[in-house]
């Protein structure tokens, strides 16, 4: 199910599933310590609602991120993946850091992006309280796996969700390699100066912004700032944290309603 693209001496894994003749929906995941491809089958099941009518592509980050690898580089590599797969028109969904990459792609290659779905993300990291990122950086440098997974769970998820799934969340870090820590730290450094806020008005495609009222990572104001700047459709989940995309039962329903509306 997991396939690998090779270009410019790099490797990028991806999965695809769903209705082949449907619109192409590309999902770009957020910052994670390990590759999301280890959960490929679970991801396909989780997105079954969208897969009924759309062909879904989920791209991983490249397998070995070079020093100085930034959001713009991630966007360039993702666009190369699009070219290799012949993806000329996509509905682009970016989650957290993936949302930063998605915004950059829409600004660099607007003719490819038919619509944009931005989930728990920001257009300007420089304006954020980066204490969570600094904590993760410290723990990753120390290779304190339990501490890092605990901090990740506490800051990404709502207290009730984390309490319920704490053991599973912490256990998901098992098998972390030196390359995983390196990629994680490189990504953290790569987002630290991200700022496209003043360019957002150049994005002309339909946009849906989904945020969370209790987001401890990028804050709810980040979602509101993007929505206000673009005067686009948005929805804020009150009582949820950054990882609302994993928690809210109607999350994909909002996205499907938005996508279905593009066909009308």
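The values are calculated or read from the model by the stated rules, or taken from the named source; none is laboratory data. Just so it is clear, the structure is predicted and the values come from calculations on it, not from any experiment. We place every Cβ from the backbone using ideal geometry, glycine too, and count neighbours over all the protein chains shown.
Worth a mention:
- Residue in the range 121-136 that is loosely packed, with under 15 Cβ neighbours inside 10 Å, without any contact (Cβ under 8 Å) to a residue 40 or more places away in the chain and outside any loop (DSSP other than H, G, I, E, B) present: yes
- So residue 190, is it surrounded by 17 or more Cβ atoms within 10 Å (Cβ to Cβ), more than 21 Å from residue 49 (Cβ to Cβ), touching a residue at least 60 places away in the same chain (Cβ under 8 Å) and touching a strand residue (DSSP E or B) at 6+ places or on another chain (Cβ under 7 Å): no
- Taking the listed residues 234, 181, the one that is assigned to a helix (DSSP H, G or I), touching a helix residue (DSSP H, G or I) at 6+ places or on another chain (Cβ under 8 Å) and either closer than 20 Å to residue 126 by Cα or touching a residue at least 12 places away in the same chain (Cβ under 8 Å) (or both) is 181, with no other qualifying.
- Residue in the range 176-184 that is surrounded by fewer than 18 Cβ atoms within 10 Å (Cβ to Cβ), within 23 Å of residue 237 (Cβ to Cβ) and modelled with pLDDT of 95 or more present: no
Yes/no matrix, rows are residues, columns are (1) over 18 Å from the mean Cα position of the chain (by Cα); (2) within 30 Å of residue 135 (Cα to Cα):
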{"site": "188", "(1), (2)": "no, yes"}
{"site": "198", "(1), (2)": "yes, yes"}
{"site": "206", "(1), (2)": "yes, no"}
{"site": "239", "(1), (2)": "yes, yes"}
{"site": "247", "(1), (2)": "no, yes"}
{"site": "261", "(1), (2)": "yes, no"}
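- Among all residues of the range 202-224, there is none that is without any contact (Cβ under 8 Å) to a residue 12 or more places away in the chain, in contact with a helix residue (DSSP H, G or I) (Cβ under 6 Å, 6 or more places away or on another chain) and not in a loop (DSSP other than H, G, I, E, B).
- Boolean, residue 217 is surrounded by 22 or more Cβ atoms within 10 Å (Cβ to Cβ), more than 20 Å from residue 111 (Cα to Cα), touching a strand residue (DSSP E or B) at 6+ places or on another chain (Cβ under 8 Å) and modelled with pLDDT of 95 or more: no
- The residue list 76, 83, 13, 53 contains one member that is assigned to a loop (DSSP other than H, G, I, E, B) and either more than 18 Å from residue 121 (Cβ to Cβ) or at pLDDT 95 or above (or both), which is 53.
- When residue 47 is tested against the conditions (1) at pLDDT 95 or above; (2) crowded, with 16+ Cβ neighbours inside 10 Å; (3) within 18 Å of residue 208 (Cα to Cα), the lone failure is (1).
- Residue satisfying all of: in the range 24-35; touching a strand residue (DSSP E or B) at 6+ places or on another chain (Cβ under 6 Å) and buried (at least 20 other Cβ atoms within 10 Å of the Cβ); farthest from residue 168 (Cα to Cα) among these: 24
- Looking across the range 238-264, the residues that are within 14 Å of residue 95 (Cβ to Cβ) and not in a loop (DSSP other than H, G, I, E, B) come down to 244, 245, 246, 247, 251, 252, 254, 255.
- The listed residue being closer than 19 Å to residue 104 by Cα, surrounded by 15 or more Cβ atoms within 10 Å (Cβ to Cβ), touching a residue at least 24 places away in the same chain (Cβ under 8 Å) and out of contact with any helix residue (DSSP H, G or I) (no Cβ under 8 Å at 6 or more places or on another chain), out of 60, 77, 73: 77
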